[in-house]
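Comments concern the structure below.
The values are calculated or read from the model by the stated rules, or taken from the named source; none is laboratory data. These numbers were taken from a predicted model, which means no experiment stands behind them. Glycine also receives a Cβ, built like all others from the backbone with ideal geometry; neighbour counts cover every protein chain displayed. Each accessible area value is taken on the protein alone, full model and side chains, heavy atoms only, with ligands, DNA and RNA left out. Shrake-Rupley method; radii C 1.70, N 1.55, O 1.52, S 1.80 Å.
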Amino acid sequence: MENFEIVRDNDTTLAFDGELLAKVSSNPNIAYGNSYSGEVGRWQILALYKTQGGKFICERINHTQWQGKRDSHAAKVCTSNKRSN
């Protein structure tokens, strides 16, 4: 297990022991191939963690290279694998 801290905009930081299950990223560069985000200068990183207690945490970071704009950070804790309607 590893210790993680996930910063969230307008919310508390999540600190937990767990493991990183998956992490993917789009790319802000149209010439970079099939991972292009669709917006020049903007891209997303998505990560999925499993806590030591068995919960899942989904993290999303929206990055920007635009002057005057800032990155945004969000994460949600999921306590089960059931889908909500």
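For GLN67 paired with ASN3, estimate the spin-label separation in nm (one decimal), with each label point 7 Å from Cα along the Cα-to-Cβ line.
Between GLN67 and ASN3, the simple spin-label model gives 4.0 nm.
Ordering GLU19, GLU2, GLU59 from largest to smallest accessible area (1.4 angstrom probe), what's the sequence?
Largest accessible area first, the residues go GLU2, GLU19, GLU59.
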